[in-house]
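The values are calculated or read from the model by the stated rules, or taken from the named source; none is laboratory data. From a predicted model like this one, the values you see are computed outputs, not experimental measurements. Using ideal geometry, Cβ is built from the backbone for each residue, glycine included, and neighbour counts are taken over all protein chains shown. To get the accessible areas, we keep the full protein, side chains included, count just its heavy atoms, and leave off ligands, DNA and RNA. Shrake-Rupley method; radii C 1.70, N 1.55, O 1.52, S 1.80 Å.
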Amino acid sequence: MGIARATKLRWASTAIALAYMSVIAGMAWILPIFPGRPLLGPIYNPVDHMVPLPFPLLLVLPAIALDLLRNWIGVRRGWKHHWSLALLSGCLFFAIFLPVQWKFSKFLISPAADNWFFVGNKWEYGARVGEWCHEFWDVTNPKWNPPATAASLGWALLLAMASSRIGLALGNWMAKVKR
Amino acid sequence: MSKRFLIVLALALCPLAAFAHIGSPNVFYQGYAGPYPVRVTVRPPPVIPGRAEISVRVESPAVRKVAALPVVWNAGRKGAPPPDEARLVRGERNLYSAELWLMVPAAHSVYVDVTGDLGTGTAIVPVNAIATRRLGMDPILGAVLALLGAFLFFLLLTIVQAAVGESVLPPGATPVIKERRRAALITTLTAVLLLVLIWGGRKWWEAEDANFRNNRLYHPAFMKAEARAEGGQRILRLTRQDMRNAYPIVPDHGKVMHLFLVREPGLDAFAHLHPMKLSKEAFEVPLPQLPAGKYRAYADVTYESGYADTLTAEVELPDPTTNTNAVEGRLAPDPDDSWQVGPAFKAGTVAAGGEETTALTHGYTMTWRGSLRSRTKSDLRFVVRDAAGEPARLEPYMGMLAHAAVRRVDGAVFAHIHPAGTISMASQQLFALRAEGKAPVNISQQADEPVCKLPSVAESEAVWLKRSAGAAENDVSFPYEFPQPGLYRIWVQVRINGQVLTGAFDALITAS
């Protein structure tokens, strides 16, 4: 949000999201090519190649929406404009990212993602691979991953709006930096 | 010979049993890696993950390679990292050393693979991996880091002040009062935010530390011990209080629990008993003719994971019952129960080192040979003679030649040791069974009874008798190292003509 505000690019948020996704996805595709083996135990999951991070978050979709919103509202001065842009951005990000990533996560832990592209079947050597690998963690361990409630979703929305406002403030400052 | 056969052979040749440690974390093992006689010492790290120091002495020529690897009980050898080759210690002919990372707090065993002209053999040495100390930070390092942290804190505030107050002005312009105030306000807010973050970090660290102290640091597991008179007997009931590590208990040499009672403060009465299990929590044992008084109880158990533990308790024993008309006791004592009542410990009479002889019953004597130096591994060696001064013939006693219990007078150290060392035989047998795929790794903490079936006492006893044929029959040695200097009492138990005799020795162990 901040960098997008500071640049003059129309699709700045989308570009940044794509950059993040390509770095992580690139690692996910390249690392498993190289052989590697664990030198510490216990090894519950024998691996013979390097293990990448999971497939990146699908940030590009909310980023497109944020760019569209920003281009539609335009750049103006005044606190009313800044606050309304921040609140709308937060709501938009929350409304798009949550269902998209939820559905995408469901796909990532399904056997359909067990391929080189989505690296759904790559687990580190200490993982005790089992049925739980195909289940949402809040099902297997509600203590560590509490299920989504109205309160937790409310907090997520609030944080999305707050971080949008902070990002916007930083972006405004960056746009004004002269020396 | 196949490797599997050699593992079985190595195990069968080891007459040893339960493991106990209070303040004595190092592991000593004397046995066989296939055809090679080995003595293994494992010094576990004080925190997990940490590096264990392994040293292996192979009493055999023509050894080409010694390697060691850590095996976690539920991952097995196939879940172990590649073995680390142990290096020959400089100036030594047959002493090898290696360092192994123990990564998880769980029952481990160190597999020592010896390769030479006689093939390859493996010795399995069980090791408990658990944090025994909370490592502190060096005060000088702490001070340096705090100074650097403070420097970064003020550096960041300076950056924020410059970014807000000056970076948005055209070149050459100086900030006016309004801009200065704004910069000061935002810098102050940033400082508050940073302080809140530091405070949050401290809270997080305190929570981590509390979790470490409460859940990951080793605490001796306490039992409740109560003695009562019943039907002409005194019965001691032990109840486990802490069921966190509640895997089922496996019998070690046929006994679910090896209980040691020591009368305090004189250490003048000692018993080695075998309580029977009433439930997963409760155990009972009829007491022998021990005098009344305050006793410290140490109970050795091995869980089905292979983790060996010592449960402790304090108990006040009443006077032995004098009611001879009472009905016969409800509980029959274990045939291998034994006890000894002797002179109280007197600090002034204890000398460091030298040879010492103590009288056993029936005219037998036991002599402690060798010198004593703390932190220097030297066997505790004892020789038993009969009334005529001739070598006495020692019989196997619960599958081994002798038992010994070592206690520092103040109670800071207690260890139950055998000629094969400090390890739990049940634990070693479990690891061997799992190595062969004969014991499950997925076991329930809820279960009452173990599912793994360990080899019988008679099996290992028979092999031990075969091995010891021709060896000196009145001479026992225990590989052990006193973990701390201080005053110690050592009880050594042997069996002659079907009777268990206990000799007690006092020693002053000085720092080396």
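Other residues lying with their Cβ under 12 Å from the Cβ of B:ALA308 contribute a combined charge of -4, Lys and Arg counting +1, Asp and Glu -1. Using a cut-off of 26 Å between Cα atoms, the listed pairs B:LYS78/B:LYS438; B:LYS277/B:LYS453; B:LYS65/B:LYS453; B:LYS224/B:LYS255; B:LYS255/B:LYS280 include B:LYS65/B:LYS453 as exceeding that distance. Lysine pair count for the range A:2-176 (Cα-Cα distance under 30 Å; residues 8 or more apart in sequence or on different chains): 8. Summed over the residues of the range A:2-176 and divided among them, the accessible surface reaches 62 Å² per residue at a probe radius of 1.4 Å. Suppose we compare each residue of the range B:52-88 in its chain alone and in the full protein complex with a 1.4 Å probe; which ones drop by at least 20 Å² of accessible area? In the range B:52-88, residues shielded by partner chains: B:VAL72, B:ASN74, B:ALA75, B:GLY79, B:PRO81, B:PRO82. B:THR502 contributes about 10 Å² of solvent-accessible surface, heavy atoms of the protein only, 1.4 Å probe.
Ranked from largest to smallest solvent-accessible area, with a 1.4 Å probe on the protein heavy atoms, A:PHE93, A:PHE34 come out as A:PHE34, A:PHE93. When A and B come together, around 1500 square angstrom of accessible surface is lost from both chains combined, probe 1.4 Å. The long axis of helix B:3-12 is offset from the longest Cα principal axis of chain B by roughly 60 degrees.
One equal scatterer on each Cα of the range A:2-176, no solvent, Debye formula: the resulting log10 I(q)/I(0) at q = 0.09 Å⁻¹ is -0.43.
Normalised by residue count, the protein assembly as shown yields a Cα convex hull volume of 232 Å³ per residue. Stretched out straight at 0.36 nm per residue, the stretch from B:LEU148 to B:GLU99 would grow longer than its current Cα-Cα span by 14.3 nm.
Calculated FRET efficiency, B:THR174 to A:LEU98, Cβ-Cβ distance, R0 = 60 Å: about 0.80 to the nearest 0.05. Loop-located trypsin sites (Lys or Arg not before Pro) in the range B:60-138 (DSSP state not H, G, I, E or B) with no more than 16 neighbouring Cβ atoms inside 10 Å: B:ARG90, B:ARG93, B:ARG133, B:ARG134.
A helix-only calculation puts chain B at -6500 deg cm²/dmol for mean residue ellipticity at 222 nm, using -39500 (n - 2.57) for each DSSP H run of at least four residues, averaged over all residues. If you take the square roots of the eigenvalues of the alpha-carbon gyration tensor of the range B:84-239 and sort them as a ≥ b ≥ c, do you get rounded (a/c under 1.5), prolate (a/b over b/c) or oblate? Oblate shape, in that a/c is at least 1.5 and b/c is the bigger or equal ratio. For B:GLU436 and B:LYS224, the FRET efficiency from 1/(1 + (r/R0)^6), where r spans their Cβ atoms and R0 equals 30 Å, is about 0.20. Taking the Cβ-Cβ separation of B:SER167 and B:LEU189 as r and a Förster radius of 25 Å, what is the calculated FRET efficiency to the nearest 0.05? For B:SER167 and B:LEU189, the calculated efficiency is 0.90. Calculated accessible area for chain B comes out at 46 Å² per residue, all protein chains present (probe 1.4 Å; ligands, DNA, RNA ignored).
Contact residues in the range B:153-167 (at least 20 Å² less accessible area with all protein chains than alone, 1.4 Å probe): B:ALA163, B:GLU166, B:SER167.
Full extension of the segment from A:PHE117 to A:ILE73, taken as 0.36 nm per residue of separation minus the current Cα-Cα distance, would add 12.2 nm.
Legend: residues A:CYS91, B:CYS452, sorted from most to least accessible area (1.4 Å probe; ligands, DNA and RNA excluded), read A:CYS91, B:CYS452. Placing a pseudo-label 7 Å from each Cα along the Cα-to-Cβ vector at B:LEU141 and B:LYS453 gives an inter-label distance of 5.2 nm.
Rolling a 1.4 angstrom probe over the protein assembly as shown with all protein chains present gives an accessible area of which 62% lies on carbon and sulfur atoms. Shown here: chain B, whose C-alpha atoms stretch 108, 63, 49 Å along the first, second and third principal axes, sorted largest to smallest. Each label was represented as a point 7 Å from its Cα along the Cα-to-Cβ direction; for A:ARG37 and B:ARG182 these points are 6.3 nm apart.
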